[in-house]
Amino acid sequence: MINNYINMKRMIKFIASNRLMTMLALSFIICHLSFSPVRAQDSTQIYRFGYLSYQAALKAMPDYAIVEKQMADLEQQYQAETKRVEDEFNLKYEDFLEGQRDFPRTILQKRQTELQELMEKNIQFKEQGRQELADAEREALAPLRIRLIELLNTIGREKGFAFIYDTDTKALPFLNIDFGEDINQLVQDALK
């Protein structure tokens, strides 16, 4: 039974960052606990669990406000650069529209090509900026997530929980909270 607990603990740590894997693991754990051998003297063994809103716990962390500020500053930088390149494109496009009737064919084609390339670069910059913002946020939140997972592991062991369910995932259509314990406040207090 202890080896099963250790293996489940390792599995939970491994898959904690992936929501789909988390839902699959939670289903596996519930099935495993349902079909695991029950001690002869206690045929009605009940497994306890904790539940919380992972996002609320994450947002309650003191360092979360710092990460939010950093992300807002970075997003503002990307927005300023996006506006600058859009303004540059619009200015060149207006110049093109004003002179297109007077341009020789070769200059007209050259300017059209320049505008097309500039537009493609702007679109690529926006997509790359979105990806870099998402990566920066994931990287900035990683230490907070690790700290929260470690805290949840500690609370889970101390309280004797079989698992801790994240209510944000909505993975279980029914969860009998009579067998569980709401640990939202406990986690938020521990994070302060």
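Just so it is clear, none of the values below were taken in a lab; they were calculated from the coordinates. All of these numbers come straight from a predicted model, not from anything done at the bench. Neighbour counts are summed over all protein chains in view; Cβ atoms, including those assigned to glycine, are modelled from backbone coordinates with ideal geometry.
Divided by 2.2 N^0.38 Å, where N counts the residues, the Cα radius of gyration of region 58-192 comes to 1.81. So which chymotrypsin sites (Phe, Trp or Tyr not before Pro) in region 45-99 end up in coil per DSSP with only 16 or fewer other C-beta atoms within 10 Å? Those that pass, being in a loop and sparsely packed, are TYR47. When the square roots of the Cα gyration tensor eigenvalues are ordered a ≥ b ≥ c, the ratio a/c for region 86-143 is 1.5 or more and a/b exceeds b/c, which makes its shape prolate. Beyond 27 Å between alpha-carbons counts as too far, so tell me which of LYS69/LYS192; LYS59/LYS159; LYS59/LYS170; LYS92/LYS126; LYS83/LYS170 fall in that bin. Table pairs above 27 Å Cα-Cα are LYS83/LYS170. Loop-located chymotrypsin sites (Phe, Trp or Tyr not before Pro) in region 118-187 (DSSP state not H, G, I, E or B) with no more than 10 neighbouring Cβ atoms inside 10 Å: PHE174.
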